[in-house]
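Remarks on the structure that follows.
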Amino acid sequence: MTTHIERLVQQLDDATGPSYDARAELIDMGADALPALIDGLPSLGGFGQLTAIEVFEEVGDPRCGPALIGLLNSDNPTVREWAAMALASLDVEGAVEPLRRAHRACPERATPPDWTEPGGIRWALTELGALPAKCPECGPPLADGPVD
């Protein structure tokens, strides 16, 4: 039998009203909803995964870190980017190396230069202190360290 939370998780894939209502209810449930959301994440499509990432960020519980790290391997570039940014905003321990791998994979996937994904992943690495900040108007990086 499907629990109420599991039904809400499945509704996240519906880009119409039910998704937004389910998102709000899962956020209101907070950490209690995380186990079912994490378990249901692989069964969701891109829209549902993006909505789940929003729930993870709103709930603010770093226990969703492994699920977000798993999303760095998604076929969907927007899911990869949002997962990277959520890892940084939640300050997930152990996220730096998976983010570095995801960043290195962008050229391997031939991610178009105008696509935002590499920038989102780079931002996450910068937020976590793994890359120096760049300032185009300022010239060289603002801190010592590797620059890609």
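Listed residues 94, 65; which is under 28 Å from residue 122 (Cα atoms) and either among the charged types (D, E, K, R) or in contact with an Asp or Glu (Cβ under 8 Å, 6 or more places away or on another chain) (or both)?
Result of the check over 94, 65: 65.
Across the range 98-117, which residue is modelled with the highest pLDDT among those that are over 22 Å from residue 128 (Cα atoms) and open to solvent by less than 90 Å² (accessible area, probe 1.4 Å)?
110
Surrounded by 20 or more Cβ atoms within 10 Å (Cβ to Cβ), hydrophobic (A, V, I, L, M, F, W, C), touching a helix residue (DSSP H, G or I) at 6+ places or on another chain (Cβ under 8 Å) and assigned to a loop (DSSP other than H, G, I, E, B), is that true of residue 92?
yes
The values are calculated or read from the model by the stated rules, or taken from the named source; none is laboratory data. Keep in mind it's a predicted model, so treat the numbers as computed, not measured. Note that we place each Cβ from the backbone using ideal geometry, even for glycine, and neighbour counts take in every protein chain shown. Just the protein is used for accessible areas: all its heavy atoms, side chains included, with ligands, DNA and RNA removed. Shrake-Rupley method; radii C 1.70, N 1.55, O 1.52, S 1.80 Å.
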